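Participant: Sending over a structure as structure tokens; questions will come in a sec.
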Amino acid sequence: MIILPAIDIKDGCCVRLFKGDFNTVEKVAENHLETARGFEAAGASWIHMVDLDGAKEGRPVNTKIYADIAEKTNLKVELGGGIRSLETIREYLDMGITRVILGSVALKDPGLVSSAAEKFGSEKIVVGIDAVNGMVATEGWLESSDVHYIDLAKKMNEVGVKYFIFTDISKDGTLSGVNREQLKDLADAMGSRANIVASGGVHTMADIIACKEMGLYGTICGKSIYKGTLDLSEAIKYAEV
């Protein structure tokens with residue numbers, strides 16, 4: 001299992017939100033590049049990044065920051081937020097981003113996701129499924145739907161998607177532990193057809209252990225690293241064994 005330390009960007013700053021609420025922005029680090037290099041020093045090979053401004057506006061906003069990390073570290077960058085076109089995907093991949101995350105468009109424009117997986121390869125595309133009470137939320141978590149998260153995952157898998165990030169929004173940024181029940185249900189439903197990354201609520205090593213025992217592909221860690229409840233290097237060593 002891989003561990004993906006996270007940096008969310010808003011107004012050019014490294015921040016975290018509480019349950020996806022833009023009114024709860026908390027600055028967690030001074031410099032994106034120093035933070036990323038710290039993750040690298042701890043043994044990370046990946047970094048998970050979200051353009052919060054982009055998610056809200058539906059277009060790329062803090063582009064230079066992601067290009068900076070891709071160019072000036074050895075980290076593989078997984079990036080989401082405001083990616084709504086094949087052109088944007090190509091631009092990000094050309095600047096060295098390893099994988100792009102498609103969120104809202106998976107629900108609103110599944111044809112785009114299918115085209116992206118076909119054009120750029122399934123290794124380059126991740127579908128981010130964010131849910132409240134099991135129902136998918138979109139547009140930077142500002143809109144809800146009547147689509148169940150497992151149904152969306154199955155639909156995306158059918159059009160060629162192999163990588164999924166599942167976030168229980170009610171857990172995100174809360175340090176209350178991952179939603180083990182929903183993650184297990186998703187893992188059981190998808191089986192070997194999909195690589196599932198857990199996101200939201202990671203607090204301590206107990207969450208890392210639980211995710212690994214479920215056979216998940218990866219776990220994203222954000223606030224737990226910044227608040228010191230999880231030692232990143234310890235998590236990476238355990239996960240990679």
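Participant: How about the range 127-196: which strands (runs of 3 or more DSSP E) wholly inside it have at least 2 residues that are among the hydroxyl-bearing types (Ser, Thr, Tyr) and over 22 Å from residue 222 (Cβ atoms)?
Facilitator: Once the strands (runs of 3 or more DSSP E) in the range 127-196 are filtered for at least 2 residues that are among the hydroxyl-bearing types (Ser, Thr, Tyr) and over 22 Å from residue 222 (Cβ atoms), what remains is 143-148.
Participant: When both residues are 6+ apart or on different chains and their Cβ atoms are under 8 Å apart, which pairs have a first residue that lies in the range 197-215 and is within 8 Å of residue 177 (Cβ to Cβ), and a second that is among the aliphatic types (A, V, I, L, M) and surrounded by fewer than 19 Cβ atoms within 10 Å (Cβ to Cβ)?
Facilitator: 201/175; 202/175; 203/175
Participant: Which residue pairs have Cβ atoms closer than 8 Å, lie 6 or more positions apart in sequence or on different chains, and pair a first residue in the range 108-134 that is touching a residue at least 40 places away in the same chain (Cβ under 8 Å) and within 12 Å of residue 164 (Cα to Cα) with a second residue that is surrounded by fewer than 16 Cβ atoms within 10 Å (Cβ to Cβ) and not basic (Lys, Arg)?
Facilitator: Between residues of the range 108-134 that are touching a residue at least 40 places away in the same chain (Cβ under 8 Å) and within 12 Å of residue 164 (Cα to Cα) and residues that are surrounded by fewer than 16 Cβ atoms within 10 Å (Cβ to Cβ) and not basic (Lys, Arg), the close pairs are 122/160.
Participant: On the given criteria, is residue 101 of a type outside the set (Gly, Ala, Ser) and out of contact with any Asp or Glu (no Cβ under 7 Å at 6 or more places or on another chain)?
Facilitator: It is false that residue 101 is of a type outside the set (Gly, Ala, Ser) and out of contact with any Asp or Glu (no Cβ under 7 Å at 6 or more places or on another chain).
Participant: Return yes when residue 97 is under 26 Å from residue 194 (Cα atoms), in contact with a Leu (Cβ under 9 Å, 6 or more places away or on another chain) and not in a helix (DSSP H, G or I) and no when it is not.
Facilitator: yes
Participant: Further question on the same structure: Any idea which of 167, 174 is buried (at least 17 other Cβ atoms within 10 Å of the Cβ) and more than 20 Å from residue 111 (Cβ to Cβ)?
Facilitator: Just a single option satisfies the conditions, and that option is 167.
Participant: Considering only residues that are surrounded by 16 or more Cβ atoms within 10 Å (Cβ to Cβ), part of a helix (DSSP H, G or I) and of a type outside the set (Ser, Thr, Tyr), which ones fall in the range 100-124?
Facilitator: Passing the criteria: 105, 106, 107, 110, 112, 113, 116, 117, 120, 124.
Participant: Just need a number here: residues in the range 14-24 that are within 18 Å of the chain's Cα centre (by Cα) and at negative phi.
Facilitator: Qualifying residue count, the range 14-24: 7.
The numbers here are math on the coordinates, done by the rules we state, and not lab data. As the structure is a computational prediction, the values presented were derived from the model and not from experiment. In this analysis, Cβ positions are derived from the backbone assuming ideal geometry, glycine residues included, and neighbour counts consider all displayed protein chains.
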